[in-house]
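Structure, as structure tokens:
The values are calculated or read from the model by the stated rules, or taken from the named source; none is laboratory data. None of these values were measured; they are calculated from a predicted model. Virtual Cβ from ideal backbone geometry, glycine too; neighbours counted across all protein chains shown. The accessibility values were calculated without ligands, DNA or RNA, using every heavy atom of the protein model including side chains. Shrake-Rupley method; radii C 1.70, N 1.55, O 1.52, S 1.80 Å.
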Amino acid sequence: MARYDFASDNVAGAMPEVMEALIAANAGTASGYGTDHVSKAAGDRIRALLDADADAEVKFAASGTAANAFALTLLAAPHEAVLAHEHAHICTDETGAPGFFSQGGGLIGLPGASGKIALAGLEAALARPEVSYNQPANALSLTTATEYGTVYSEEHLRSLIAPVKAKGYGVHLDGARLANAVAAGFDLKSVARMGVDILVMGGTKAGSTPTEAVVFLNPAHARRLDARLKHAGQLVSKGRFLAAPWLGLLGEDGGTGPWAARAAHANAMAQKLAALMPFQIKHPVEANGIFVEMDEPTLERLRGEGWFVYRFLDGTVRFMCSWATTPEMVEDLGAALQRVR
């Protein structure tokens with residue numbers, strides 16, 4: 001039987017703090033569609049964590065694809081497009097959902113090493129003349145930690161956001177692995193300061209049951225937001241069960257709680273695996289992912305040893321650590337890698 005320990009950080013179960021929060025939220029009755037006391041408490045905790053304005057709306061979705069796709073409908077009309085790294089999740093792994101949700105919105109892929117958008121590529125895209133037969137950009141989507149496990153500096157993000165904002169475009173931040181970025185030193189409070197309009201905070205990959213928090217930092221997006229979510233099939237009746245995990249993820253002390261603490265463990269396990277890795281590592285190991293050069297026969301030998309991992313977009317083989325990865329699991333994999341090299 002194949003071991004999927006390092007196939008993705010979504011193969012692990014939910015952390016105990018999440019399960020306890022769900023059990024607590026299950027008691028009694030509550031109003032529906034996100035108007036309940038649990039959703040309010042989770043929203044308040046997230047706003048405080050971000051140092052966001054009181055009028056920032058916090059909603060909860062069951063998948064990152066739905067969260068990203070819906071968010072982009074508020075930033076780009078059907079005749080417009082979203083700028084993103086060419087290997088961003090919205091460009092490669094969401095099966096056209098952004099275009100489906102927006103009824104035609106497009107995506108413009110930009111280059112950049114290790115998943116980070118290069119400023120020169122963005123500037124070139126922004127300088128293109130608008131013509132009637134191409135969808136003009138109206139938003140920028142950023143990801144941290146990136147698809148290659150790297151973490152943007154605040155300076156780099158600001159350099160990308162500034163020219164986009166100067167043109168009046170919106171900014172979306174895909175934070176499916178934001179917890180890992182925070183654990184690596186990213187300042188969560190910088191998100192609102194930098195001018196991000198919509199933030200998706202990842203819960204699922206961080207160790208929750210399925211839940212993503214979508215934070216609408218721009219008050220202009222609050223108008224008829226619930227109606228828009230309902231129209232998109234994303235206003236869940238028993239909303240407390242999407243919100244409750246965040247009470248467990250963030251804890252009660254006003255900090256980032258187990259959400260970032262357990263992500264720090266995942267990052268540490270990636271560093272441990274990197275130290276044992278006998279294959280060339282292609283991208284900096286800054287979060288919880290390791291990407292290595294490995295030919296197909298070697299990959300098949302590894303799978304023959306019982307380990308399943310993916311070949312990624314750039315041809316590397318990806319190993320992902322999670323909140324539940326143990327040192328013993330890393331050592332077992334390290335020994336297997338030595339055997340198949």
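Taking the stretch 235-270 on its own, how many of its residues are open to solvent by 40 Å² or more (accessible area, probe 1.4 Å) and within 17 Å of M201 (Cα to Cα)? The qualifying residues number 7. For the stretch 305-319, the count of residues that are among the hydroxyl-bearing types (S, T, Y) and over 30 Å from D44 (Cβ atoms) is nonzero. Of the candidates L273, L299, the single residue that is assigned to a helix (DSSP H, G or I), of a type outside the set (K, R) and buried (at least 19 other Cβ atoms within 10 Å of the Cβ) is L273. In the condition set (1) under 24 Å from T256 (Cβ atoms); (2) touching a helix residue (DSSP H, G or I) at 6+ places or on another chain (Cβ under 9 Å); (3) surrounded by fewer than 23 Cβ atoms within 10 Å (Cβ to Cβ); (4) not aromatic (F, W, Y), G185 is compliant with all but (2).
Quick check on the stretch 1-42: of everything there that is in a loop (DSSP other than H, G, I, E, B) and polar (S, T, N, Q), which residue is surrounded by the fewest Cβ atoms within 10 Å (Cβ to Cβ)? If we take residues in the stretch 1-42 being in a loop (DSSP other than H, G, I, E, B) and polar (S, T, N, Q), then T29 is surrounded by the fewest Cβ atoms within 10 Å (Cβ to Cβ). Quick check: anything in the stretch 55-74 over 18 Å from the mean Cα position of the chain (by Cα), open to solvent by 40 Å² or more (accessible area, probe 1.4 Å) and small (G, A, S)? So far as the stretch 55-74 goes, no, none of its residues is over 18 Å from the mean Cα position of the chain (by Cα), open to solvent by 40 Å² or more (accessible area, probe 1.4 Å) and small (G, A, S).
Could you please give the count of residues in the stretch 148-167 that are in a loop (DSSP other than H, G, I, E, B), open to solvent by 10 Å² or more (accessible area, probe 1.4 Å) and hydroxyl-bearing (S, T, Y)?
First, pick out the residues of the stretch 148-167 that are in a loop (DSSP other than H, G, I, E, B): 148-153, 167.
Subset that is open to solvent by 10 Å² or more (accessible area, probe 1.4 Å): 151, 153, 167.
Next, from what is left, pick out any that are hydroxyl-bearing (S, T, Y): 153.
Number satisfying all stated conditions: 1.
A260 meets the conditions (1) touching a strand residue (DSSP E or B) at 6+ places or on another chain (Cβ under 8 Å); (2) small (G, A, S); (3) under 19 Å from D187 (Cβ atoms) in every case but one. The failed one is (1).
None of V309, V285, V292 is surrounded by 16 or more Cβ atoms within 10 Å (Cβ to Cβ), touching a Ser or Thr at 6+ places or on another chain (Cβ under 8 Å) and of a type in the set (V, I, T) except V292. Scanning the stretch 265-302 for residues that are in contact with a Gly (Cβ under 9 Å, 6 or more places away or on another chain), small (G, A, S) and within 18 Å of N10 (Cα to Cα) yields A266, A270, A287, G289. Being of a type in the set (G, A, S), over 23 Å from G168 (Cα atoms) and open to solvent by less than 50 Å² (accessible area, probe 1.4 Å) is true of G115.
In this structure, does D51 turn out to be closer than 25 Å to L110 by Cβ, under 20 Å from the mean Cα position of the chain (by Cα) and open to solvent by 40 Å² or more (accessible area, probe 1.4 Å)?
Answer is no for this residue.
Would you check which residues across the stretch 85-112 are in contact (Cβ under 8 Å) with a residue 24 or more places away in the chain and part of a helix (DSSP H, G or I) and list them? Those that are in contact (Cβ under 8 Å) with a residue 24 or more places away in the chain and part of a helix (DSSP H, G or I): H89, I90, T92, A97, P98, F100, F101. Any residue at all in the stretch 211-230 that is surrounded by 15 or more Cβ atoms within 10 Å (Cβ to Cβ), of a type in the set (S, T, Y) and out of contact with any helix residue (DSSP H, G or I) (no Cβ under 6 Å at 6 or more places or on another chain)? There is no residue in the stretch 211-230 that is surrounded by 15 or more Cβ atoms within 10 Å (Cβ to Cβ), of a type in the set (S, T, Y) and out of contact with any helix residue (DSSP H, G or I) (no Cβ under 6 Å at 6 or more places or on another chain).
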